[in-house]
Amino acid sequence: MLSVAIHKDIAEYQPKVIGKLTGRTLISITVALGLSISVAVYMNLVLKIDPTDHLEFIYAVSLPCWCCGFWKPHGLPFEQFALLWLQHQLSDNRLFYKPSMFKSGFVKTPDEITQSRKGKLYDKSTRKFLDGTNGLEAYSPRAGRVIY
C-alpha cells in the first residue's frame, strides 16, 4: 500500500524567538511576570501584607496575560479574536434575506397581505405565473420568468 507524508501547512508557521516561544508568547510571559512581581511588591511594601498568604490574587492578576499568549480561540490569535468579538457585540451587522419577488414589488410581502386582507399568500396573477413550478423552477430566463 502506498503512503504519502502530508507536510504541515506553511501558512501556520510562526517564527520562534527563544526556544519554542514566538514573539507573542514571549511578550505575554514577560508582561505576566512583570505584573506578578509588581503586585507582590505593592502588597509587601504598600499594603504591608505578606504576598505568600495571598498568592491566588497574584495568579488572578497575571492569568489574563498568560491566556493572551497561549490561548487561540477559533484558531485566531487572541488580539484578532478580541477585536472581532467586540465588533460583533457592539454593532448590529445583520443581513436579512428578502426574496427577489418581494423586492421587485411583483408580490406583496406576507405582512402587507395579512394587513390588507386575509386569504391566500399570492394573488391570482401570481399563482397563474407560478402554476406548475416549484421553488427555483419559477426562475426561468428562457420562459421569460425573470425577476430583477
Output the residues belonging to segment 12-30 that are touching a Pro at 6+ places or on another chain (Cβ under 8 Å) and outside any strand (DSSP E or B).
GLY23, ARG24
Where the second residue is of a type in the set (S, T, N, Q) and the first is in the same structural domain as SER28 (by TED's automatic domain parsing) and lies in segment 67-90, which pairs have Cβ atoms under 7 Å and are six or more apart or on separate chains?
CYS68/SER28; GLY69/THR25; GLY69/SER28; PHE70/THR25
Taking the criterion of being within 24 Å of TRP85 (Cα to Cα), part of a loop (DSSP other than H, G, I, E, B) and assigned by TED's automatic domain parsing to the domain that holds LEU86, would at least one residue in segment 31-47 satisfy it?
no
For THR52, only one of the following conditions fails: (1) part of a loop (DSSP other than H, G, I, E, B); (2) at pLDDT 85 or above; (3) not hydrophobic (A, V, I, L, M, F, W, C). What is its number?
(1)
Return yes or no: is SER100 polar (S, T, N, Q), out of contact with any helix residue (DSSP H, G or I) (no Cβ under 8 Å at 6 or more places or on another chain), at pLDDT below 85 and surrounded by 12 or more Cβ atoms within 10 Å (Cβ to Cβ)?
yes
Flag for ILE37 being among the β-branched types (Val, Ile, Thr) and either under 18 Å from LYS72 (Cα atoms) or modelled with pLDDT under 90 (or both)
no
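Here is a yes/no grid of residues against (1) at pLDDT 75 or above; (2) closer than 30 Å to VAL41 by Cβ; (3) loosely packed, with under 12 Cβ neighbours inside 10 Å; (4) out of contact with any Asp or Glu (no Cβ under 7 Å at 6 or more places or on another chain):
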residue: LEU63; (1), (2), (3), (4): yes, yes, no, yes
residue: GLN80; (1), (2), (3), (4): yes, no, no, yes
residue: TRP85; (1), (2), (3), (4): yes, no, no, yes
residue: ASP111; (1), (2), (3), (4): no, no, yes, yes
Could you pull out the residue among GLY105, GLY69 that is of a type in the set (Gly, Ala, Ser), modelled with pLDDT of 60 or more and not in a loop (DSSP other than H, G, I, E, B)?
GLY69
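The values are calculated or read from the model by the stated rules, or taken from the named source; none is laboratory data. Given the structure is predicted, the values throughout are model-derived calculations rather than measurements. Don't worry about glycine lacking a Cβ; one is built from the backbone with ideal geometry, like all the others, and counts go over all protein chains shown.
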